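Here's the structure, in structure tokens; my notes come after.
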Amino acid sequence: MNKTDLETLNGYLAESFQGYNIHVKLNNNFNFEINYITRLNIQLKSEIIVPEDFKKSYLKFCDYLLTSDVVNEIISTLYQFSIQDLEYLRENNN
């Protein structure tokens, strides 16, 4: 894959999570980076490593997105971060 593919995919990801304190993007190695800013301005981070075989072409990468559990893993990570956010709020309000 090339820089244009990276920019295209990151554009889709940015549009998908627009308006939230969530940033999901592909880094320069085509791995997913998830950044979540809590309501107490604590930054939570995670990275999902994409197997090298799927980084060779745009079609293989899209196939990986459609056939793997990476989408579920992103959603699960965001859910865990939102639970942590609520726990931080609860701890700091007591």
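The values are calculated or read from the model by the stated rules, or taken from the named source; none is laboratory data. All values reported here derive from a predicted model rather than from experimental measurement. Cβ sites come from the backbone with ideal geometry, for glycine too, and all protein chains shown count toward neighbours.
Quick notes on this structure:
- For the range 38-68, filtering for residues that are surrounded by 10 or more Cβ atoms within 10 Å (Cβ to Cβ), under 30 Å from TYR88 (Cα atoms) and at pLDDT below 95 leaves 4.
- Lone unmet requirement of (1) of a type outside the set (Ser, Thr, Tyr); (2) crowded, with 16+ Cβ neighbours inside 10 Å; (3) farther than 19 Å from GLU7 by Cα; (4) within 13 Å of the chain's Cα centre (by Cα) for ASP85: (4)
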